[in-house]
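The values are calculated or read from the model by the stated rules, or taken from the named source; none is laboratory data. Keep in mind that what you see is a predicted model, and the values were worked out from it rather than measured. Note: ideal-geometry Cβ built from the backbone for every residue, glycine included; neighbour counts use all protein chains shown.
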Amino acid sequence: MHVSEAIASRRSIRAFTSDPVPRATVEEILTLAARAPSGGNLQPWHVYVLLGEARDELVRRVAEARKQSPMGEPPEYPIYPANLAEPYRSRRFAVGEQMYALLGIAHAGKAARLGHFARNWEFFGAPAGLIFAIDRAMGQGQWADLGMFMQNVMLLARERGLHSCAQEAWAMWHRIVRDYLSVPADRMIFCGMALGFADDSAPVNALVTERAPLQDFATFREST
């Protein structure tokens, strides 16, 4: 698979089959992903891989905690800016409406929407779960490095016939994640990722989000 094909076919999958992902495959993906650009070669990323019973136990612990706090706790960083401006606000609203339409959930179906959102904390059924963390001392540049590392993971997954879904929702259970995985206090829980084989029969996986045209985000200059 060419890089361009991996980029074009990568999308957030929200329903996976139970087919296992071999540990060797995950190890290979992460080893290659670590070639991501890194300013000063700091390589600020940390990743915790959950397979089999270990993955199931984290899901169980969060399910138990949800009985008291259905939507988790405030994350340690703002997932979205406050008072999101246009065009970003409309883009976020549109993708939510498109997804819930595929699921057959009406705009007024708040409980059903929250129920689907909670599937994040089951890794959407994926057999492999990844948790990404970063040292608290790191700044915006190193957060960008972590993002490029994660992008490498997702594209390398596509090369191997796998799909993924990056899940900032896991930051809403940072205390449980930290305790279960023994994450040091000087590392911030940033994001989770579901990794596995897409369930092609699931309607939600038909969602392919729109992208703005080139002229909306690129500025070219060819002369002084």
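Within the stretch 106-155, work out how many residues are within 28 Å of residue 203 (Cα to Cα) and more than 15 Å from the chain's Cα centre (by Cα).
Number of matching residues: 11.
Do you know which of the residues in the stretch 1-21 that are of a type in the set (Val, Ile, Thr) and more than 15 Å from the chain's Cα centre (by Cα) is nearest to residue 128 (Cα to Cα)?
Taking the candidates together, the pick is 21.
List the number of the failed condition for residue 105; all other conditions in (1) of a type in the set (A, V, I, L, M); (2) loosely packed, with under 14 Cβ neighbours inside 10 Å; (3) at pLDDT below 95; (4) not in a helix (DSSP H, G or I) hold.
The number of the failed condition is (2).
Can you tell me which of 80, 48, 100 is part of a helix (DSSP H, G or I) and aromatic (Phe, Trp, Tyr)?
From the options 80, 48, 100, the qualifying one is 100.
For the stretch 140-219, give me every one of the helices (runs of 4 or more DSSP H) that falls completely inside it and has 3 or more residues that are more than 24 Å from residue 32 (Cβ to Cβ).
174-181, 214-217
All but one of (1) in contact (Cβ under 8 Å) with a residue 12 or more places away in the chain; (2) over 24 Å from residue 207 (Cα atoms); (3) hydrophobic (A, V, I, L, M, F, W, C) hold for residue 103; which doesn't?
(2)
Any idea which of 188, 172 is touching a Gly at 6+ places or on another chain (Cβ under 6 Å), under 14 Å from residue 79 (Cβ atoms) and in contact (Cβ under 8 Å) with a residue 12 or more places away in the chain?
Answer to the check: 172.
Out of the residues in the stretch 81-100 that are among the hydrophobic types (A, V, I, L, M, F, W, C) and free of Cβ contacts under 8 Å to residues at least 12 places away in the same chain, state the one that is surrounded by the most Cβ atoms within 10 Å (Cβ to Cβ).
By that ranking, first place goes to 84.
Applying the selection to the stretch 22-52, what residues are closer than 14 Å to residue 159 by Cα, more than 17 Å from the chain's Cα centre (by Cα) and surrounded by 14 or more Cβ atoms within 10 Å (Cβ to Cβ)?
Of everything in the stretch 22-52, those that are closer than 14 Å to residue 159 by Cα, more than 17 Å from the chain's Cα centre (by Cα) and surrounded by 14 or more Cβ atoms within 10 Å (Cβ to Cβ) turn out to be 25, 32.
Is it true that some residue in the stretch 73-95 is in contact with a strand residue (DSSP E or B) (Cβ under 8 Å, 6 or more places away or on another chain) and charged (D, E, K, R)?
Yes, there is a match, as at least one residue in the stretch 73-95 is in contact with a strand residue (DSSP E or B) (Cβ under 8 Å, 6 or more places away or on another chain) and charged (D, E, K, R).
For every residue, the table says whether it meets (1) closer than 25 Å to residue 176 by Cα; (2) at pLDDT 90 or above; (3) not aliphatic (A, V, I, L, M).
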position	(1), (2), (3)
68	yes, yes, yes
79	yes, yes, no
88	no, yes, yes
99	no, no, no
148	no, yes, no
155	no, yes, no
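Within the stretch 167-209, take every residue that is among the hydroxyl-bearing types (Ser, Thr, Tyr) and farther than 24 Å from residue 15 by Cβ and give me the one that is surrounded by the most Cβ atoms within 10 Å (Cβ to Cβ).
180
Scan the stretch 7-21 for residues that are surrounded by fewer than 19 Cβ atoms within 10 Å (Cβ to Cβ) and assigned to a loop (DSSP other than H, G, I, E, B) and jot them down.
10, 11, 17, 18, 19, 20
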